[in-house]
Amino acid sequence: MLTIHDIVEKLGLDVKAQGDLQKDVAGCYISDLLSDVMANSKDHDLWVTLQTHPNVVAVAVIKGISGVIITNNRTPEAETVKKAEMEKVTILTSPHSTFDIAGRLYQLLMSGSDK
Amino acid sequence: MASNRRTIEGCFQLMGGAFAGAGAASSELKTVLMSLGVPQGIVRRASIAAFEAEMNVIIHAVAGTLHYEVTPAKIHIDVTDMGPGIEDIDLAMQEGYSTAPDWVREMGWGAGMGLPNIKRNADAFKLDSVVGEGTTLEINIFLTEENYADNT
Amino acid sequence: MELSGVVELVCGRIVVKEKDESFDITAVCTTDMMSDVLHFAKKGELLVTSLNQSQVIMTAEIADIPVVMVVLGKKIEKEMTAMAEKKHITLLSTELPMFTVCGMLYAKGLKSCVNGK
């Protein structure tokens, strides 16, 4: 199984807040609606979103999200980074769109472990 | 053809929280501009700016009005609301900054792109606000002889 | 990729049909935030979203995106269907999550309309 660290390397992501980078990534959930993530994401999912506000961290903790990727060149709010560091939630950023990140992640996760 | 040129205008009442009616003004403006033969890129800019302005009133204010006026020289949109006003305009103009409540975010709005989106699509943009009273927004998109091909 | 091919790929269904099945889809916008659609969609034919509200249709109309797909089997209410018919927006529905839909469309060579600007 791929870890957050593998994905950071393969997709060239920026680490804005570092949690446990050795966490496994079981799947991926894409949504910008926190209630939707609360309802439908699964444990050890990687969460792709363009939301940057601090509530993202709370949802990630509750749902056991392995890491959050913020897309489209957005920067997490300072408060979000602070909270994420406190809660040991990994926050990553990418200049690419959600669609492109999703497409590449899908290929990575479907091809399974190629560590 | 020049003799046919005239001013076309419209005025809409906007109610805070009335998501169901959101977009009516921008949709009408879009139809008007298309019927005038304004190029698609300009139609899009004007309707996006108008739509975001409409949403701002619906999200933040108690009530407001959107008025548009199309002349051969420009598309003019002004939006006035009775709302909380904006405390820090510079901050409000930053991409990603939003004071929208969580329930608005859950409806797909309030990601802090509204005002930047309006500014980006306008040729001239003016924002005035008094905290506790309301906000006035003025948007101008200029037209030239070529792109105002009124064929009515 | 043809509209019918997209529907088939995601095991979806057409709720409101305003385009021919051969309508060509080349660029996709994936988001739940409507201002993002308005900000980025320069030249896209398909909006994939998990929002099932009428404003999605309104946004698609303003941003000139002719096809909207609602994912994860989210219930599409009458208001949304009626708005799509009124605004001539083709409305699709799929049970698949956003991730799978994007992954499959990406693998078929569809582009993000954010980079297509």
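The values are calculated or read from the model by the stated rules, or taken from the named source; none is laboratory data. Computed from a predicted structure; not experimentally measured. Every residue, glycine among them, receives a Cβ derived from its backbone with ideal geometry; neighbour counts consider all protein chains shown. Calculation scope for accessible area: heavy atoms of the full protein, side chains included, ligands and nucleic acids excluded. Shrake-Rupley method; radii C 1.70, N 1.55, O 1.52, S 1.80 Å.
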TODO: Among the numbered conditions (1) in contact with a strand residue (DSSP E or B) (Cβ under 9 Å, 6 or more places away or on another chain); (2) within 12 Å of chain C (Cβ to nearest Cβ); (3) open to solvent by 30 Å² or more (accessible area, probe 1.4 Å), tell me where A:S111 comes up short.
DONE: (1)
Task: Residue in segment A:39-59 that is assigned to a strand (DSSP E or B), out of contact with any Phe, Trp or Tyr (no Cβ under 8 Å at 6 or more places or on another chain) and of a type outside the set (S, T, Y) present - done: no
- [ ] Look at segment B:11-47 and say how many of its residues are of a type outside the set (A, V, I, L, M), assigned to a helix (DSSP H, G or I) and away from chain C (no Cβ under 13 Å).
- [x] 1
Open item on the list: Of the conditions (1) under 13 Å from the mean Cα position of the chain (by Cα); (2) under 24 Å from A:S41 (Cβ atoms); (3) in a helix (DSSP H, G or I), C:G103 satisfies every one except a single condition; which number is it?
Closed with: (1)
Open item on the list: Yes or no: segment A:15-30 includes at least one residue that is assigned to a loop (DSSP other than H, G, I, E, B) and of a type in the set (D, E, K, R).
Closed with: yes
- [ ] Specify which of the listed residues (C:T94, C:T31, C:T26, C:T49) is β-branched (V, I, T), within 28 Å of A:L105 (Cα to Cα) and open to solvent by 30 Å² or more (accessible area, probe 1.4 Å).
- [x] C:T26
Open item on the list: Exactly one of these conditions fails for C:D64: (1) within 12 Å of the chain's Cα centre (by Cα); (2) open to solvent by less than 10 Å² (accessible area, probe 1.4 Å); (3) at pLDDT below 95; (4) of a type in the set (D, E). Give me its number.
Closed with: (2)
Task: Cβ-Cβ under 8 Å pairs, at least 6 apart or on other chains, segment C:44-55 side over 9 Å from C:C113 (Cβ atoms), far side surrounded by 23 or more Cβ atoms within 10 Å (Cβ to Cβ) and aromatic (F, W, Y) - done: C:V48/A:F99; C:Q55/B:W109
